[in-house]
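The next block holds one structure in the form of structure tokens; read it before the comments.
We did not get these values from a lab; they are worked out from the coordinates using the rules stated. Just so it is clear, the model here is predicted, and its values are computed rather than measured. As a convention, Cβ positions derive from the backbone with ideal geometry for all residues, glycine included, and neighbour counts pool all protein chains shown.
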Amino acid sequence: MKKKRKKKFKKDYKNTSILPVLLIIALLSLFSETVRTIPVGALSEKFAGISYELPELNSNLIEEKTLKKNDYQNIKEKIILQKAINKQKKMHVKIKKNKKIRNLEHDIEKIETQISKIQTEIIEIESKKIDEEMIVAKIPKVEFEEIVEKTVDQEIMDQKIVDVPKIKETIKVAADTSTSTITIDGKETLIPGSSEKNITYMQILQNPNDLDLNLKYAQQQGKAGNFKQTIATLERLNMIYPDNVEIKLYLLSVLVQADSPDKALTIIEEIKTNEDLTPEDLEAVSEIEEQMKERKKPRLWNFYADISLGGIQNENVNSVSKKRLQYSSDSLIGFNSPMYDRTYSGSLGLTATRSIGEASTFMINANVTDSDQEEERSDDFESYGLTFALDTSLGNQSLSPYLMLSKTDYQDDADSFSLMYGIGGYFPVGDRNSFSYGYSYSDSKGNNNTTDTTANETNSIGHGFTFGHDYMINEIFSTSIGLGYSDSDAVVDAGNDYETYDVSFRLNLAYPWAYISVGDALSFNDYKREDTSINSNLLRSDATNTFDIMLTKAVGDFFPIIDPKRSLFMNLSYEKIISEANLVNYDYIADSYSLSFSKSFHLNK
């Protein structure tokens with residue numbers, strides 16, 4: 001009985017002791033904010049201001065209470081609680097970041113959708129560009145001379161050449177180059193390809209098959225008057241896209257402006273075989289064909305004018321010897337002539353040509369040149385020339401017989417006259433090699449007068465022979481090798497009769513931006529009689545090395561407004577002569593620099 005009673009007593013004691021403890025823990029939880037309740041059930045306006053998000057715990061308050069109630073919390077519990085708080089904060093930050101990322105992804109999807117629509121619209125615009133901008137139409141019945149003189153002005157070309165009612169469908173060269181933007185999510189975005197931008201030749205080399213880029217480049221070059229680049233670009237596109245009739249029509253319009261009837265007729269034949277050509281376009285192209293055939297008919301005579309202006313800076317105009325010494329009547333004296341001088345010159349030439357048969361052309365050229373030297377007068381003169389020449393062929397030989405007459409009026413010397421005639425020819429061997437040859441006869445005379453009673457002593461008869469070889473490495477590089485021999489017999493042999501042997505080499509560089517030629521020549525002069533007025537004991541013998549470099553470039557490449565057709569050429573050159581002789585008089589070095597401008601005109605095209 002006692003044992004049972006003890007057990008019962010212990011059981012009752014255990015139950016009664018747990019309840020107070022649980023009650024105390026609940027009260028502590030409520031006062032320490034570790035437990036918070038939220039209403040559950042139907043919502044009403046009474047709970048409108050209550051936040052249902054998980055509240056952040058007030059770590060400062062918990063820490064303060066924990067420090068006051070050391071009986072219920074210890075240091076370990078504070079550390080665990082602080083870690084939970086930090087983890088909760090990180091979760092909140094991560095949730096906010098994820099929400100921003102989702103918003104950004106949504107915005108990006110919207111932008112990508114709008115960009116895709118824009119690209120689709122651009123493709124549709126570009127697909128129609130061949131049908132909207134550049135007009136090719138028939139040429140009205142006006143004189144061609146008037147058209148050619150005004151090809152530089154595109155508006156005049158449109159008025160003179162285009163017959164708008166004849167061809168309603170036009171050729172669009174490129175997309176609209178005016179800048180345009182579109183608003184995406186409140187921001188203005190530039191549409192690719194819509195801004196005005198010059199296209200460089202390097203971009204074309206990097207993208208030779210890009211139709212849009214090449215058409216824009218052709219349009220820009222055409223507006224600048226550079227028809228050669230425009231035609232070259234369109235011819236390349238025509239080979240890449242042989243079935244594109246719009247490219248052919250555009251090329252035809254440029255060939256008409258550039259006065260290239262042969263190429264225009266070839267393109268017309270290609271256009272007429274195209275199945276996509278409309279009846280209206282076919283009719284207009286046929287009329288253009290008639291105009292081109294009329295232009296292609298050779299005129300009886302063609303007339304040209306050539307104008308050039310230039311200057312030469314000479315570093316040793318009088319060929320002063322290296323030691324500034326010279327022989328005179330067997331005596332060695334000083335060579336004190338001026339070395340530095342500048343000469344200006346200008347020339348005008350008129351040329352008339354006439355076709356004779358299918359393979360021959362006859363030419364007459366008359367020219368006048370005026371030279372003005374600043375310091376001395378040895379190069380002050382006026383010269384007049386008249387040339388007759390015939391270009392013809394015999395088998396595979398191209399032959400050019402000629403006759404030249406000239407007169408030179410010196411300011412401080414006797415006038416001189418010369419007559420020269422000869423023949424030149426060449427023949428090709430394969431695709432890259434050609435050989436040339438020539439012979440010339442000359443008769444030079446000086447006019448005796450009161451100031452120069454010995455001018456006729458230098459009257460001479462000359463014979464010259466030349467032989468050359470040209471080799472074409474590629475479209476840019478070519479070489480020329482020349483051999484020559486000449487003999488001169490004068491009235492007074494002493495110091496005037498001599499033989500010359502020449503050998504020369506030249507490298508030619510035909511770059512798109514300029515033409516450059518570099519040459520070097522050796523000449524050996526052997527005189528037949530001693531010149532007693534200089535040195536009666538030495539027979540003169542010379543060896544001369546001449547190096548030169550020339551550059552030719554169109555002025556229009558720098559200033560398109562001045563030279564839109566690229567027909568005004570600038571010529572820069574440098575020449576260095578090194579003469580080695582057994583007579584000190586002719587042992588010298590001379591350098592010269594020259595700059596000239598030249599332009600040709602077709603007077604009756």
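Computed values, structure above
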quantity: Dipole of segment 522-605 [Lys/Arg +1, Asp/Glu -1 at C-beta], most positive-end residue of Leu522, Ser600, Phe547; calculated: Ser600
quantity: Integer Hz, Karplus 6.51/-1.76/1.60 couplings in order for segment 258-271, x for Gly and Pro; calculated: 7, 6, 10, x, 5, 5, 4, 5, 5, 5, 4, 4, 5, 5
quantity: Pair-distance profile P(r), taking every C-alpha pair of segment 360-465, with 5 angstrom steps and integer %; calculated: 2, 11, 15, 16, 16, 13, 10, 7, 5, 3, 1, 0
quantity: Extended-chain gain in nm, criterion 0.36 nm per residue less alpha-carbon gap, Tyr471 and Ile240; calculated: 80.1 nm
quantity: Translational diffusion of segment 210-369, µm² s⁻¹ [Kirkwood Rh, Cα pairs; Stokes-Einstein; 20 °C; 1.002 mPa s]; calculated: 102
quantity: Where N is the number of residues in segment 304-436, Cα Rg divided by 2.2 N^0.38 Å; calculated: 1.49
quantity: Length-normalised contact order for segment 302-602 - Cα pairs under 8 Å, 6+ apart - percent; calculated: 16
quantity: Dipole of segment 242-328, positive direction: furthest Cα of Val254, Leu309, Pro242, with charges on the beta-carbon; calculated: Leu309
quantity: R0 of 51 Å, Cβ-Cβ distance Ser533-Phe362: FRET efficiency to nearest 0.05; calculated: 0.65
quantity: Cleavage-rule hits (trypsin sites (Lys or Arg not before Pro)) in segment 382-476: DSSP loop, at most 12 neighbouring Cβ within 10 angstrom; calculated: Arg432
quantity: Tail fraction, Cα-Cα pairs, segment 302-602, threshold 33 Å, whole percent; calculated: 31
quantity: Cross-link table Lys248/Lys599; Lys228/Lys576; Lys272/Lys553; Lys323/Lys528, entries beyond 30 Å C-alpha to C-alpha; calculated: Lys248/Lys599; Lys228/Lys576; Lys272/Lys553
quantity: Per DSSP, loop chymotrypsin sites (Phe, Trp or Tyr not before Pro) in segment 276-316 with at most 11 further Cβ within 10 Å; calculated: none
quantity: At most 16 other Cβ within 10 Å, DSSP loop - chymotrypsin sites (Phe, Trp or Tyr not before Pro), segment 542-605; calculated: Phe558
quantity: Normalised alpha carbon radius of gyration of segment 405-564 [divisor 2.2 N^0.38 Å]; calculated: 1.37
quantity: Volume per residue that the Cα convex hull of segment 499-605 spans, once the total is divided by residue count, Å³; calculated: 160
